[in-house]
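See below for the structure under consideration.
The values are calculated or read from the model by the stated rules, or taken from the named source; none is laboratory data. Not measured: the values here are computed from a predicted model. A quick note on method: Cβ atoms are made from the backbone with ideal geometry, for glycine too, and the neighbour counts reach across all protein chains shown.
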Amino acid sequence: MTKKQKKRRSDKKVMTKESLILKYLRESRHISMRKAGRIVGVSDSMISHAENGRMDLAPDFIMKVVTSYGYTYKEFLDFLNDKKDAPEHTLSECIEILKRLNPDKLRTVKTILESF
């Protein structure tokens, strides 16, 4: 980093429970980051930064995002305080596992998935 470069919050990733919940809420409504940016009134990169721990999350920003997705701030707080269960990001976790499988195991998993 040169002397003139300014340190930015987006340079540092700090995953918080709040950011994970925002991602879950967006994904639960099947909203893309691009569409989320449009409905919230911010850029899709801001949504990405919020969900990936690259920005500080102010309560008013969280409320704006949450209500734009059709949830209440109380529901967000219930997820945050473990009063409601937010499923882990199962799809993304499964994709990461699938990427590590050798071709034989991947074919087996495919067969299992096709049986559902």
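Data for the structure
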| quantity | calculated |
| --- | --- |
| Check on GLY41, of a type outside the set (Asp, Glu), more than 30 Å from ILE112 (Cβ to Cβ), at pLDDT 85 or above and loosely packed, with under 14 Cβ neighbours inside 10 Å | yes |
| Qualifying residue in region 94-107 (condition: part of a helix (DSSP H, G or I) and surrounded by 15 or more Cβ atoms within 10 Å (Cβ to Cβ)) | no |
| Scope region 49-63; condition under 17 Å from GLU27 (Cα atoms) and not in a helix (DSSP H, G or I); matching residues | ASN52, GLY53 |
| Given (1) crowded, with 17+ Cβ neighbours inside 10 Å; (2) modelled with pLDDT under 95; (3) farther than 14 Å from LYS17 by Cβ, index of the condition ILE47 fails | (2) |
